[in-house]
Amino acid sequence: MPPLVLASSSPWRRALLQRLGLPFECASPDIDESPLPGESGPTLVERLARTKATALADRFPAHLIIGSDQVATLDDGTILGKPGSHENACRQLASCSGKTVTFHTGLALHDSRTDSTDSTCEPFHVHFRPLTGDDIEQYLRAEQPYQCAGSFQMEGLGIVLFERLEGRDPNALIGLPLMALTDMLRASGINVLTLQRRS
């Protein structure tokens, strides 16, 4: 099996990939994550996932490199990125209150031996409860999710903000769609279960 690289410094993505029980290393790609004019959420995250994975090809010339990126969008297509501040997070959660927000997680697997890349975008729908200003303040003060797309952490207290979750793979909501990744690895000749039996 070629060695695996996760093109991310995210502790959440690292923890998710560890669930597959495969050895890997992490490296952070240095790329411009700005959206292109008129670019939709799904197109943006798939492009960024591919860019992250291919950006490390020179450093890892005989590897399978995993890239991932995520944005949230409102029903009108408005992209909700990482808020970066308390004030922005308040505005984001207020705009999500009582609505359905779609999280788009881009995933790419780049084989630097052949310079080939497989990619996809995994959607996941989050149905928010109606949130009061006090709900939002208490949640943000407790968890401070200012580096998370959509201003919440589903793997933490953020779960109380939702009425319902809808999607194929809940791991996608945290940032790395493991079901789609397993499909990509299998297409590259890597059966995760077979490798578990050998270890």
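Please state which of the following conditions residue 141 fails to meet, knowing it meets all the rest: (1) at pLDDT 95 or above; (2) surrounded by 15 or more Cβ atoms within 10 Å (Cβ to Cβ); (3) in a helix (DSSP H, G or I).
For residue 141, the failing item is (2).
Could you look through region 58-72, keep only residues that are in a strand (DSSP E or B) and of a type in the set (A, V, I, L, M, F, W, C), and pick out the one that is farthest from residue 101 (Cα to Cα)?
64
Quick one: residue 118 ticks every box in (1) outside any strand (DSSP E or B); (2) within 27 Å of residue 5 (Cβ to Cβ) bar one, so which box is it?
(1)
Select from region 121-138 the residues that are assigned to a loop (DSSP other than H, G, I, E, B) and out of contact with any Leu (no Cβ under 7 Å at 6 or more places or on another chain) and write down the one among them that is nearest to residue 101 (Cα to Cα).
130
With the condition kept exactly as written, say whether any residue in region 67-75 is among the small types (Gly, Ala, Ser) and out of contact with any Leu (no Cβ under 9 Å at 6 or more places or on another chain).
Looking for residues that are among the small types (Gly, Ala, Ser) and out of contact with any Leu (no Cβ under 9 Å at 6 or more places or on another chain), one finds none in region 67-75, hence no.
If I go through region 1-35 residue by residue, how many of them are touching a residue at least 60 places away in the same chain (Cβ under 8 Å) and either assigned to a loop (DSSP other than H, G, I, E, B) or of a type outside the set (D, E, K, R) (or both)?
Total meeting the criteria: 16.
Please count how many residues of region 113-125 are closer than 19 Å to residue 13 by Cβ and small (Gly, Ala, Ser).
1
Checking the structure you have, find out if any residue of region 83-98 is part of a strand (DSSP E or B) and not polar (S, T, N, Q).
So far as region 83-98 goes, no, none of its residues is part of a strand (DSSP E or B) and not polar (S, T, N, Q).
Which residues, counting only those in region 158-168, are touching a helix residue (DSSP H, G or I) at 6+ places or on another chain (Cβ under 8 Å) and closer than 14 Å to residue 128 by Cβ?
158, 160, 161, 165
How many residues does region 69-98 hold that are surrounded by 14 or more Cβ atoms within 10 Å (Cβ to Cβ), more than 18 Å from residue 12 (Cα to Cα) and touching a strand residue (DSSP E or B) at 6+ places or on another chain (Cβ under 9 Å)?
Looking only at that region, the number is 9.
Looking at 74, 107, can you tell me which residue is over 30 Å from residue 23 (Cβ atoms) and touching a residue at least 12 places away in the same chain (Cβ under 8 Å)?
Just one listed residue meets the conditions, 74.
Taking region 146-182 only, how many residues are in a helix (DSSP H, G or I) and farther than 23 Å from residue 20 by Cβ?
5
Given the structure, is residue 120 surrounded by fewer than 15 Cβ atoms within 10 Å (Cβ to Cβ), modelled with pLDDT of 95 or more and either touching a His at 6+ places or on another chain (Cβ under 7 Å) or among the β-branched types (Val, Ile, Thr) (or both)?
It is false that residue 120 is surrounded by fewer than 15 Cβ atoms within 10 Å (Cβ to Cβ), modelled with pLDDT of 95 or more and either touching a His at 6+ places or on another chain (Cβ under 7 Å) or among the β-branched types (Val, Ile, Thr) (or both).
The values are calculated or read from the model by the stated rules, or taken from the named source; none is laboratory data. Predicted model, so just to flag it, every value in this text is computed and none were measured. FYI the Cβ positions are ideal-geometry reconstructions off the backbone, even for glycines, and counts take in every protein chain you see.
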